[in-house]
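The values are calculated or read from the model by the stated rules, or taken from the named source; none is laboratory data. Because the structure is predicted, anything quoted here is derived from the model rather than measured. Every residue, glycine among them, receives a Cβ derived from its backbone with ideal geometry; neighbour counts consider all protein chains shown.
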Amino acid sequence: MHEQSYLVVNPLEDKEVIERFYHYGGGNAFPLYLDTEFDAQKEIGPWLLPYPPKEFLAYFANKPSGFRIYFSDDIETHIQHWKSLTFAGLDGELVLFRYYDRVVLEAMLVSFNQKELSLFLGSSECIEIISSVGSLCSYENSASQVSYKSEPWWKIEKHHSSYSVERHAWITERLAWQRLPSLMKEIYEKNSDIQSQLINHLIEGRAHRLENEELEAYSMNMLIKDSKQQSHDIYEAWYLDSAQIKTVKQVENLVTRSELQQGTQI
């Protein structure tokens with residue numbers, strides 16, 4: 001029976017999660033981007049919430065935004081472990097590893113063999129995650145070990161990234177209802193098949209090499225083309241910086257020009 005636990009949460013999925021944690025009696029929440037290259041973004045990066053109260057766990061079960069870890073050693077070891085996963089190797093390059101994003105993590109956990117799962121979890125005994133369809137998934141660590149290293153050490157293999165555009169569309173829509181409910185109500189009243197539209201826009205954005213928040217913001221911007229909502233509301237809701245906004249706008253302009261050219265040819 002596991003006793004001690006903590007949560008690693010994603011404030012970009014639930015912007016109230018830290019506030020709710022303290023509201024229900026939690027304490028000592030730790031931003032995992034603190035004292036890293038992303039220190040300036042620590043508020044919106046992953047947070048470790050130690051020893052969550054029962055009342056908060058009930059809230060989290062209804063509004064999941066990360067994962068739960070069970071452990072029996074020193075929690076400082078776990079803080080260092082997750083901080084060491086900020087970067088990972090992918091195709092010979094270092095990339096920001098969004099392990100705290102359920103869209104990323106859910107697919108990876110399914111793909112891990114036991115050795116990979118143990119490396120990923122370090123000294124953790126078990127990880128629990130609520131999947132995109134609402135089911136609780138649990139993975140036991142058969143060989144827990146301290147795997148913290150000061151340099152980037154985790155490597156993302158091809159079989160780890162089984163991307164599902166359907167699942168991503170579902171998550172994006174859910175986030176949009178949380179962050180921009182008035183906009184989503186307006187869109188839904190015009191066309192209730194939001195999922196199909198998002199799937200098409202996500203595929204389109206990926207074809208132009210957009211990823212993560214940029215891809216989701218792009219798909220939402222394309223979704224609101226015929227609404228009164230402004231793009232800057234989307235950028236703000238997805239916490240894009242000026243460089244990311246520029247990238248999204250460039251792709252939008254390319255797609256718009258392509259659509260105009262096709263319309264002229266027809």
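Structure above, values below:
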{"quantity": "Residues located in the range 175-187, provided they are surrounded by 13 or more Cβ atoms within 10 Å (Cβ to Cβ), modelled with pLDDT of 80 or more and not aliphatic (A, V, I, L, M)", "calculated": "177, 179, 186"}
{"quantity": "Boolean, residue 142 is surrounded by fewer than 15 Cβ atoms within 10 Å (Cβ to Cβ) and either modelled with pLDDT under 90 or farther than 14 Å from residue 70 by Cβ (or both)", "calculated": "yes"}
{"quantity": "Residues within the range 230-257 that are touching a residue at least 40 places away in the same chain (Cβ under 8 Å), in a helix (DSSP H, G or I) and within 22 Å of residue 186 (Cα to Cα), tallied", "calculated": "3"}
{"quantity": "In the range 72-95, the residues that are among the aromatic types (Phe, Trp, Tyr) and more than 26 Å from residue 133 (Cα to Cα)", "calculated": "87"}
{"quantity": "Lone unmet requirement of (1) more than 19 Å from residue 13 (Cα to Cα); (2) outside any loop (DSSP other than H, G, I, E, B); (3) β-branched (Val, Ile, Thr) for residue 129", "calculated": "(1)"}
{"quantity": "Members of the range 8-29 that are more than 22 Å from residue 172 (Cα to Cα) and in contact with a strand residue (DSSP E or B) (Cβ under 9 Å, 6 or more places away or on another chain)", "calculated": "21, 26, 27, 28, 29"}
{"quantity": "Residues located in the range 188-205, provided they are charged (D, E, K, R) and modelled with pLDDT of 85 or more", "calculated": "204"}
{"quantity": "Any hit, the range 11-26, residues being under 24 Å from residue 122 (Cα atoms) and of a type in the set (Ser, Thr, Tyr)", "calculated": "no"}
{"quantity": "Residue count, the range 179-216 (criterion: in contact (Cβ under 8 Å) with a residue 12 or more places away in the chain and part of a helix (DSSP H, G or I))", "calculated": "21"}
{"quantity": "Of all residues in the range 3-17 being surrounded by fewer than 18 Cβ atoms within 10 Å (Cβ to Cβ) and closer than 27 Å to residue 72 by Cα, the one that is modelled with the lowest pLDDT", "calculated": "3"}
{"quantity": "Number of the condition not met by residue 112 [criteria: (1) aromatic (Phe, Trp, Tyr); (2) modelled with pLDDT of 80 or more; (3) surrounded by fewer than 19 Cβ atoms within 10 Å (Cβ to Cβ); (4) closer than 20 Å to residue 10 by Cα]", "calculated": "(4)"}
{"quantity": "Residues (at pLDDT below 90 and either within 16 Å of the chain's Cα centre (by Cα) or outside the structural domain of residue 181 (by TED's automatic domain parsing) (or both)) located in the range 208-237", "calculated": "210, 211, 212, 213, 237"}
{"quantity": "Single match in 105, 121 (criterion: within 16 Å of the chain's Cα centre (by Cα), surrounded by 17 or more Cβ atoms within 10 Å (Cβ to Cβ) and modelled with pLDDT of 85 or more)", "calculated": "105"}
